[in-house]
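These notes concern the structure reproduced below.
Read-outs: derived from the displayed coordinates by stated rules, not from any lab. What you are looking at is a predicted structure, and each value in this text was computed from that prediction instead of being measured. Note: ideal-geometry Cβ built from the backbone for every residue, glycine included; neighbour counts use all protein chains shown.
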Amino acid sequence: MIDKKAYDGDLVSRLRNWRGLHLAHGGKLFDEAADEIERLREAIRRLADQDATLSVCDGDVTVTMDATLTDSEREAIEDAIETVSEALDLINGEDSLTTGTLRHLLERLP
């Protein structure tokens, strides 16, 4: 979820009122703004890739990153299924509680 700080006006207000900011604190403000821009760009990219959901409730904007597996995570789960299957001497796709659960996870998550 994206930090709501950008939406409650705190960061925006401080950026707009930069004239009252002591020079020594400018770097921190700019770093916060740059961090927020990066988070927003990532949220927009994830929305475009259909990996996130955008919702608005009472003026609050929330971006929820959907659960997805990377290729390496998927491969690690497949390796774990194989390792457990061999350790339990499972044959021909026979499943234990663990291997069945892991297979179901792979099916459920994109």
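Some notes on this structure:
- Shown in residue order for region 84-98 are the 3J(HN,Hα) couplings computed by the Karplus curve 6.51 cos²θ - 1.76 cosθ + 1.60 at θ = phi - 60°: 5, 4, 5, 5, 9, 6, 7, 10, 6, x, 4, 10, 9, 4, 5 Hz (x for Gly and Pro).
- For the peptides 53-62, 100-109, the ranking by mean Cβ contacts within 10 Å, running from highest to lowest, is 100-109, 53-62.
- Candidates per GluC sites (Glu not before Pro) in region 51-105, loop by DSSP, up to 14 other Cβ within 10 Å: 94
- For residue 66, the residues whose amide H sits under 5 Å from its own are 52, 53, ignoring neighbours fewer than 5 places away on the same chain, with H placed 1.01 Å from N.
- With Cα atoms defining each centre, region 85-110 and region 22-58 are spaced 39 Å apart in the structure.
- Values [x] 10.0; [y] 8.2; [z] 10.5 are given for comparison; mean projected area of the Cα convex hull in nm², derived from the coordinates here, is the one labelled [z].
- In the chain, the calculated helix contribution to ellipticity at 222 nm averages -17500 deg cm²/dmol per residue, counting -39,500 (n - 2.57) for every DSSP H run with n ≥ 4.
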